[in-house]
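Data block below; observations after.
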Amino acid sequence: MTPARLYLLQRATALILAPLVLVHLGLILVAVEGGLTAAEILGRTRGSVGWGAFYGLFVVAAAIHAPIGLRNVIHEHTAWRGRSLGVAMAMLGLLLAGLGARAVIAVVAAP
Amino acid sequence: MTASPDGQGCLSVEVWRGRDEGRFQTFAVPHRANQTVLDVVTWIQRHAEPALAYRFACRVGVCGSCAMTVNGRPRWTCRTHVSKVAGANGRLRIEPLRNLPRIKDLAVDLTPFFEKWQRAQGRFTPTRSRAEPLAPVSPESPARKAADAGIECINCAVCYAACDVVGWDPDYLGPAALNRAWTLVNDERDGDRRGVLRAASAGGGCHSCHTHGSCVEHCPVGLNPTAGIAGLKRRSLLDLVGRGVP
Amino acid sequence: MIRPQHNYPGFWAFVAHRVSGVALALFLPLHFLALGLALESDAALDRFLAVADNPVFRVAEWGLVTLLTIHLGAGLRVMALEFLPWRDGRKGLIGLGAIAAVVVGTIFLLRIG
């Protein structure tokens, strides 16, 4: 993965995440009034193809964006660099994608 | 002691002595009107400490040799008036430039700086000989304007010393080398613009820049390496689909 | 510790961007795990939310909402500097991002009352 390709992925996922984050923040600000219950969250997401797609996309984009960002932080502030760092970040991405997919299924799939 | 305009009073000047190991040595230097930091360092070497090592050449702000760290900021000492940096209490701290190996006292080794210049392929690849007519290049073309905005660099290494990523990542080519690469990528006379772009966007190249803008803040010539590096980033994306360089 | 050469807006925007990014990256797996409780049962998620209904948690949530807004704002600034025509410094963007983060954070606090 060349620096140019990593850069492309990072900026592209950032552009995808920007509107998703705005919606997510707006939703949080609306939903958080009067406390949060499972019923409130799940009532919105259960069985919803729309929310499933929204959060599915969110998870994929974040799972790519976060490890690339962390890779820079680790590369610049610690002695860890090179292929092993790249492999570790790829695995982190897979972990995030896996946990995230599980979370999306948890809130969208019928109980 | 406070400095007064008629030239009386003393500055308290801390100067780095040694190499990586060393200490600050403090000198009391007479303050004069219109005094530059280079004047101060020169006074110290001539009257107080003959063994003080430092560099200068033109003394008038065109060569960049006198760059040092003054009160924490990299700058040309011949163009830094004492009154602007010493403050009311007349204190100065003078150190060598950051991010470069130290030789002695205020002198640093610019070899890594120029090695990175070469690694970024910051050298012109000619396409004509002296027997052929000059290449007609319109000064109004966008590419020529982009190149012209960066060609005044005199390799003083102030931007390199100011850059945080240079300090964190030994592979990072740095703002000056990448700025030069940007001017060449925009130079239609260069015979290997694609090579320059590839060199400047490899590991340690333009993608390592985080747009702090330290280089822009400190460049004594008013150049904008951050903008040039952003240009290299854009070109590198186009290069992924084979359209980086016309 | 912060040397004079670092005392300008572009550097602080970068620090905010990097710190918020690391914090969010560390938080994300926890967020996914919490939501994943709904796989067990709705009641399991409810139990977690009940536990989370305390001041310490609320402050943490406020922190995350603010950090997310900061990270978004600083990221958009970087991309504006990289892809849009350069206007000197665009320092105004930094101020805008900071204000947006404060606004979002404040709205959050008001609504969790």
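Structure data summary
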item	result
The lone exception for C:ARG58 - which of (1) surrounded by fewer than 17 Cβ atoms within 10 Å (Cβ to Cβ); (2) without any contact (Cβ under 8 Å) to a residue 40 or more places away in the chain it fails	(2)
Candidates B:ARG46, B:ARG32 - the one that is farther than 30 Å from B:GLY203 by Cα, surrounded by fewer than 17 Cβ atoms within 10 Å (Cβ to Cβ) and more than 18 Å from the chain's Cα centre (by Cα)	B:ARG46
Qualifying residue in the range C:24-44 (condition: within 19 Å of the chain's Cα centre (by Cα) and either within 14 Å of chain B (Cβ to nearest Cβ) or at positive phi (or both))	no
Criterion (under 26 Å from A:THR78 (Cα atoms), at pLDDT 95 or above and out of contact with any Cys (no Cβ under 9 Å at 6 or more places or on another chain)) met by exactly one of B:ALA162, B:ALA176, B:ALA157, B:ALA200	B:ALA157
The one condition in (1) away from chain A (no Cβ under 11 Å); (2) assigned to a helix (DSSP H, G or I); (3) within 21 Å of B:ALA230 (Cβ to Cβ); (4) not hydrophobic (A, V, I, L, M, F, W, C) that C:HIS71 fails to fulfil	(1)
Single match in A:ALA66, A:ALA101, A:ALA106, A:ALA62 (criterion: surrounded by fewer than 19 Cβ atoms within 10 Å (Cβ to Cβ) and not basic (Lys, Arg))	A:ALA101
Yes/no for B:ALA200 being of a type in the set (Gly, Ala, Ser) and within 14 Å of chain C (Cβ to nearest Cβ)	no
Meets criteria (more than 8 Å from chain A (Cβ to nearest Cβ) and more than 23 Å from A:LEU36 (Cβ to Cβ)) for C:VAL78	yes
Members of the range B:18-72 that are part of a strand (DSSP E or B) and under 15 Å from B:LEU92 (Cβ atoms)	B:PHE24, B:GLN25, B:THR26, B:PHE27, B:ALA28, B:VAL29, B:PRO30, B:THR36, B:MET68, B:THR69, B:VAL70
All positions within the range B:176-234 that are closer than 13 Å to B:TYR160 by Cα and of a type in the set (Gly, Ala, Ser)	B:ALA176, B:ALA177, B:GLY213, B:SER214
Qualifying residue in the range B:91-113 (condition: part of a helix (DSSP H, G or I) and surrounded by fewer than 19 Cβ atoms within 10 Å (Cβ to Cβ))	yes
Any pair with Cβ under 8 angstrom, 6 or more apart, that starts in the range B:168-193 at a residue that is free of Cβ contacts under 8 Å to residues at least 12 places away in the same chain and ends at one that is surrounded by fewer than 19 Cβ atoms within 10 Å (Cβ to Cβ)	B:TRP168/A:GLU76; B:TRP168/A:HIS77
Enumerated helices (runs of 4 or more DSSP H) restricted to the range B:156-224, each holding at least 3 residues that are small (Gly, Ala, Ser)	B:175-185, B:193-200
Top-ranked residue of the range C:45-68 - restricted to ones that are more than 28 Å from A:PRO19 (Cβ to Cβ) and not hydrophobic (A, V, I, L, M, F, W, C), ranked as farthest from the other protein chains (Cβ to nearest Cβ)	C:PRO55
Residue in the range C:52-59 that is outside any helix (DSSP H, G or I) and over 16 Å from A:ALA31 (Cβ atoms) present	yes
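Rundown of residues vs (1) within 19 Å of C:GLY73 (Cβ to Cβ); (2) of a type in the set (A, V, I, L, M, F, W, C), yes/no style:
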site	(1), (2)
A:ARG5	no, no
A:GLU33	no, no
A:THR45	no, no
A:ALA53	no, yes
A:PHE58	yes, yes
A:ALA62	yes, yes
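The values are calculated or read from the model by the stated rules, or taken from the named source; none is laboratory data. Treat the numbers as computed from the prediction; the structure is a model and nothing was measured. With ideal geometry, Cβ positions are generated from the backbone for all residues, glycine too; neighbour counts draw on all protein chains shown.
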